[in-house]
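See below for the structure under consideration.
The values are calculated or read from the model by the stated rules, or taken from the named source; none is laboratory data. Keep in mind that what you see is a predicted model, and the values were worked out from it rather than measured. When we count neighbours, we look across all protein chains shown, and the Cβ atoms used for this are built from the backbone with ideal geometry, even at glycine.
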Amino acid sequence: MDLVIFKNYDELSQAAAEKVIAALRNNPRLVLGLATGSTPLGLYQRLVEAFRQGRVDFAQVTTFNLDEYYGLPASHEQSYHYYMWEHLFRHVNVPPENTFIPAGDPADVDAECRAYEEQIARAGGIDLQILGIGANGHIGFNEPGVDFSLPTHLVELSERTITANSRFFPSRAAVPRKALSMGIRTIMKAREILLLASGPDKAEAVRNTVEGPVTPEVPASVLQRHPRASIFVDEAAAALLSPALRRKVQGAGTVALG
Ligand code: F6R
């Protein structure tokens with residue numbers, strides 16, 4: 001796992017965008033795994049700018065999102081379908097038929113989860129997966145205590161996640177209690193992973209992910225076992241890393257852990 005610490009959210013977003021742009025230029029048929037939430041907004045804004053400047057082309061790209069709330073149709077303003085359309089897809093030239101997000105209102109949940117795994121496999125697997133991290137260490141909606149061997153499945157959101165995500169809804173009661181999410185097994189199959197973490201609320205999760213043991217209690221800690229995982233954090237999210245590690249990263253720019 002490579003760790004890089006940036007001064008602030010802007011620098012982190014810029015570096016994440018340059019990494020994705022380089023991957024897109026290197027492979028125009030890139031299969032890109034995407035996340036929602038607040039953290040990747042700066043990345044998406046920069047990808048849209050790069051597209052407008054003619055620096056990137058999404059014509060042959062395929063995307064797979066990590067998750068979707070169970071019970072929300074794609075047209076719901078808080079659905080991740082809506083988010084992706086608003087923040088990225090409608091601004092670039094990715095063919096809509098190449099964009100995949102689990103359905104939030106499937107007739108048959110198990111069939112939808114199986115079909116999602118098959119779609120990923122048919123696309124040749126995910127080349128680069130973008131991740132955010134929950135304050136409780138979740139990735140996708142794989143909450144603490146998750147079984148690392150699960151593929152895409154229906155997840156019960158933790159109370160902490162419901163509280164954190166209530167900022168996007170009119171009330172806490174309006175937040176869906178469940179979601180369809182890629183499992184840890186799905187995420188770990190991606191050829192490369194880039195996890196982004198910003199702000200003091202993520203500092204504890206970042207420390208546990210990077211310096212703690214690999215444990216289902218901190219789902220992101222499993223990334224220590226991935227051969228090509230990078231974690232980009234800003235200084236606020238790095239605040240609880242051990243001083244020795246922070247010094248090492250700040251001196252070298254990046255540090256390979258484990
Ligand atoms: C979103 C997702 C979640 C978020 C995480 C952090 O698709 O899978 O794991 O990445 O909850 O959310 P923010 O960035 O809003 O703090």
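When you check Glu117 against the structure, is it more than 15 Å from the chain's Cα centre (by Cα) and of a type in the set (Asp, Glu), yes or no? So Glu117 fits the description; yes. Condition first: under 22 Å from Tyr80 (Cβ atoms) and in a loop (DSSP other than H, G, I, E, B). Now tell me which residues in the stretch 180-206 satisfy that. Of everything in the stretch 180-206, those that are under 22 Å from Tyr80 (Cβ atoms) and in a loop (DSSP other than H, G, I, E, B) turn out to be Met182, Gly183, Lys189, Ala190, Ser198, Gly199. When Gln60, Gln78 are screened for being under 30 Å from Ser221 (Cβ atoms) and either polar (S, T, N, Q) or surrounded by 21 or more Cβ atoms within 10 Å (Cβ to Cβ) (or both), only Gln78 passes. Is it the case that Ala111 is closer than 23 Å to Arg185 by Cβ, of a type in the set (A, V, I, L, M), in contact with a Leu (Cβ under 8 Å, 6 or more places away or on another chain) and modelled with pLDDT of 95 or more? No; evaluated as a whole, the condition is false for this residue.
The residue list Ala135, Ala164 contains one member that is within 12 Å of the ligand (Cβ to nearest atom), within 14 Å of the chain's Cα centre (by Cα) and surrounded by fewer than 24 Cβ atoms within 10 Å (Cβ to Cβ), which is Ala135. In the stretch 204-229, the residues that are within 11 Å of Ile193 (Cβ to Cβ) form Cβ pairs under 8 Å with partners that are of a type in the set (Asp, Glu), at six or more places apart or across chains, as follows: Arg228/Glu192; Ala229/Asp2; Ala229/Glu192. Residues satisfying the criterion are absent from the stretch 207-215 (criterion: in a loop (DSSP other than H, G, I, E, B), within 12 Å of the ligand (Cβ to nearest atom) and at pLDDT 95 or above).
Number of residues in the stretch 139-161 that are assigned to a loop (DSSP other than H, G, I, E, B), within 12 Å of the ligand (Cβ to nearest atom) and over 22 Å from Pro227 (Cβ atoms): the value is 4.
Suppose we filter the stretch 153-185 for residues that are among the aliphatic types (A, V, I, L, M) and more than 21 Å from Arg114 (Cβ to Cβ); how many remain? If you could, list the steps in order and put the result at the bottom.
Initially, the stretch 153-185 is screened for residues among the aliphatic types (A, V, I, L, M), giving 154-155, 157, 162, 164, 173-175, 179-180, 182, 184.
Among the residues that remain, those that are also more than 21 Å from Arg114 (Cβ to Cβ) are: 157, 162, 164, 173-175.
Residues meeting the conditions: 6.
Note on the stretch 190-203: among residues that are surrounded by 18 or more Cβ atoms within 10 Å (Cβ to Cβ) and out of contact with any helix residue (DSSP H, G or I) (no Cβ under 8 Å at 6 or more places or on another chain), the one that is farthest from Val31 (Cα to Cα) is Ala203.
Results for (1) within 12 Å of the ligand (Cβ to nearest atom); (2) among the hydroxyl-bearing types (Ser, Thr, Tyr); (3) outside any loop (DSSP other than H, G, I, E, B); (4) surrounded by 18 or more Cβ atoms within 10 Å (Cβ to Cβ), shown as yes or no for each residue.
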{"position": "Gln14", "(1), (2), (3), (4)": "no, no, yes, no"}
{"position": "Arg25", "(1), (2), (3), (4)": "no, no, yes, no"}
{"position": "Thr36", "(1), (2), (3), (4)": "yes, yes, no, yes"}
{"position": "Gln45", "(1), (2), (3), (4)": "no, no, yes, no"}
{"position": "Phe51", "(1), (2), (3), (4)": "no, no, yes, yes"}
{"position": "Gly71", "(1), (2), (3), (4)": "no, no, no, no"}
